[in-house]
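Notes follow the structure.
Please treat every number below as a calculation from the coordinates, not as lab data. This structure is a prediction, so every number in the text was calculated from the model and none was measured. Here Cβ is always computed from backbone atoms with ideal geometry, including for glycine, and neighbour counts include all displayed protein chains.
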Amino acid sequence: MDIEIRNTQECFVALWRELERTRRDFWMRGRRFCVRRIVQSWLGPEATDDFIWEVCEQASSYLEEPLYGYDLLPRPTLFPQRSREFLRALVATRLGISIRDVRLGPLNAAFSIAFPQCTAINTEKKKKQHTSKRGRKKKPP
């Protein structure tokens with residue numbers, strides 16, 4: 001992988017596209033599309049067991065279920081949240097920053113740029129914030 005990992009939207013677009021390319025490549029070769037193989041494929045010798053453990057540990061803190069090295073990642077275009085947290089944790093671990101310092105807005109926007117035919121991430125969350133329990137819009141304060 002020739003992508004320099006940074007905390008920018010351009011890098012996030014490249015990472016989303018590379019993740020889908022890697023998934024297709026692994027599928028064609030009959031390899032598992034799991035965290036360990038992805039990180040090893042992208043980073044080569046830098047992908048130590050400790051590094052992979054750290055990526056999984058950070059991603060697990062924001063997921064409902066823990067993420068382990070040999071867990072299969074779902075297709076990024078169908079279930080983007082798990083892949084988003086993986087990319088977020090990868091960027092944080094690689095840059096040596098907290099996962100909270102990885103900019104979530106640009107990461108979500110990058111998904112929409114990389115996959116314009118897919119539904120944007122967090123659209124349901126925005127709808128829920130702007131409607132009351134009965135489905136009517138809330139009055140402004």
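Quick notes
- Modelled spin-label separation between A109 and Q81, with each label point placed 7 Å from Cα along the Cα-to-Cβ direction: 2.3 nm.
- Label-to-label distance, nm, for residues given as D49 and R6 (7 Å Cα→Cβ offset): 3.5 nm
- Rule-of-thumb Rg ratio for the chain [Cα; 2.2 N^0.38 Å; N residues]: 1.13
- Candidates per GluC sites (Glu not before Pro) in segment 49-128, loop by DSSP, up to 16 other Cβ within 10 Å: E64
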